1. For GLY219, indicate whether it is free of Cβ contacts under 8 Å to residues at least 24 places away in the same chain and on the phi > 0 side of the Ramachandran plot.
2. Mind listing whichever residues of the stretch 247-264 are farther than 14 Å from ALA282 by Cα and open to solvent by 10 Å² or more (accessible area, probe 1.4 Å)?
3. How many residues does the stretch 373-386 contain that are open to solvent by less than 40 Å² (accessible area, probe 1.4 Å) and under 20 Å from GLY333 (Cβ atoms)?
4. Name the residue, out of ALA198, ALA239, that is over 13 Å from VAL403 (Cβ atoms) and in a loop (DSSP other than H, G, I, E, B).
5. Just to verify a result, which residue in the stretch 376-391, among those that are in a helix (DSSP H, G or I), touching a residue at least 12 places away in the same chain (Cβ under 8 Å) and not β-branched (Val, Ile, Thr), is farthest from ILE216 (Cα to Cα)?
6. Could you list all residues from the stretch 326-363 that are among the aliphatic types (A, V, I, L, M), part of a loop (DSSP other than H, G, I, E, B) and closer than 17 Å to THR304 by Cα?
7. Contact list please: Cβ distance under 8 Å, first residue in the stretch 338-358 and touching a residue at least 40 places away in the same chain (Cβ under 8 Å) and crowded, with 22+ Cβ neighbours inside 10 Å, second residue part of a helix (DSSP H, G or I) and of a type in the set (Phe, Trp, Tyr), pairs at least six apart or on different chains.
8. Do we find that GLY366 is among the small types (Gly, Ala, Ser), assigned to a helix (DSSP H, G or I), touching a residue at least 12 places away in the same chain (Cβ under 8 Å) and touching a His at 6+ places or on another chain (Cβ under 8 Å) in this structure?
Amino acid sequence: MMIHKRAICAAVMLLAGAWPAAAQQLEPGGGIGPDGEYIFNTLLFLLGGILVFWMAAGFAMLEAGLVRARNVTTQLFKNISLFAIAGTMYWLIGYQLMYPGDGWTISGWVGQIFSPAQIEPVASAEPGAPYSAGSDFFFQLMFCATTASIVSGALAERVRVWPFMIFTALLTGLIYPIEASWGWGEGWLDALGFSDFAGSTLVHGAGGAAALAGAIILGPRLGRYRGGRVQAMPGSNLALATLGTFILWMGWFGFNGASQLAIGTINDASDVARVFVNTNAAAAAGVLGAIAASQFIYRRIDLTLVLNGALGGLVSITAEPLFPSIGGAAAIGAVGGVIVVLSVPLLDRMKIDDVVGAIPVHLFAGIWGTLIVPASNPDASYGAQIIGLVAVCGFVFLASLLVWSALRASIGIRAGHEAQITGLDVAEMGMEAYPDFVQAK
């Protein structure tokens, strides 16, 4: 105990001595010098990337909870395998395709093809290099993997494992990097003035468009639409689904906050904090909006819709989490939550089966979030936002439609009738997530 007291006293004295020097460096409007900015910016990317990586666990838990018990193992495998595929493909092809610098293959449209990313072992804080190349690669990779995670849940319970993995390789290595380069790689959409702070369209809209194409080509689950009615297929574990939602909510602070791309000055640090506050406000309002809409439409509160309402609010604010006031962010998130609730029966009327609600959350709420950007950001225009939405979502949808169609025609993408009845865990993986429980057939 005496040692602990002495250690605490020494730490307090050290901080007291260091505080005046720190205060001199951090004057209003000032920074901490090039080296300090480099270190803090790099740290922001690394910590933000870790939080976005943690979202992979959120997607896994959300999907495991919303699918039926006989498909949980398959869903968990898809989530860890897609992350591994994204990590490899983004290194081999995606990163240089997305950030070609001066090496465009087709200027503004297609970056460097088949050029693996190279991270120098030693870097310095030179002008024009405000953070380490490694931290940037790590952070951007997490966004690429997130795009693939969106597709996984929508196609659950009937897509075969190997075709899904092949599609994931093409999505993360080619499709996502090409469209993201248009906005974030100084491509033609960036020159047009398209604004997407952290990816309502470039990540979430793209993932939702890829999921929509897959759901159309794949078709609904057996028995989902029978006799003109929608048959309920409850998930296996709403506790896991709720845990997954909280993990995603937490990870979103890194997703949006680190997209400020700098924290080496007082102004940047203040902006990161503002992004955190607005991100949380939108998520909270998304929950409340979903509660209200669920009660009004169905005369009861549906937990799954409420969970997706939180995610819908988060996706909605992702395009512009900096400029809105807290009230404005809450309004954007609330509308996103309502959109999710309204979109579910719309898809069912079209007989498009989305197991976890990924299309309403990521595509429809992403569209809303992107379109509302000019309401708070004076540098954005509605024309550029509309063009960006149509270009990105249209390209990803058509490219995904082509890939899914080719896979269906060649190796097949849908699990057989018997496999869907017994569950993909046994048919595809040969193991069950809950072997000690009798599965309802």
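1. No: the conditions fail for GLY219.
2. ILE247, SER259, GLN260, LEU261, ALA262, ILE263
3. 6
4. That would be ALA198, the only listed residue that is over 13 Å from VAL403 (Cβ atoms) and in a loop (DSSP other than H, G, I, E, B).
5. Going residue by residue through the stretch 376-391, those that are in a helix (DSSP H, G or I) are 382-391.
Now narrow it down to the ones that are touching a residue at least 12 places away in the same chain (Cβ under 8 Å): 384-389, 391.
With the extra rule that they be not β-branched (Val, Ile, Thr), the set shrinks to 384-385, 388-389, 391.
Working: ALA384: 29, GLN385: 26, GLY388: 23, LEU389: 20, ALA391: 20 Å.
Checked the stretch 376-391; the qualifying residue farthest from ILE216 (Cα to Cα) is ALA384.
6. VAL355, VAL356
7. Listed by first residue and then by second, the contacts come to VAL340/PHE364.
8. Yes; evaluated as a whole, the condition is true for this residue.
The values are calculated or read from the model by the stated rules, or taken from the named source; none is laboratory data. Owing to the predicted nature of the structure, the values given are computational and were not obtained by experimental measurement. Note: ideal-geometry Cβ built from the backbone for every residue, glycine included; neighbour counts use all protein chains shown. Only protein heavy atoms, including side chains, enter the accessible area calculation; ligands, DNA and RNA are left aside. Shrake-Rupley method; radii C 1.70, N 1.55, O 1.52, S 1.80 Å.
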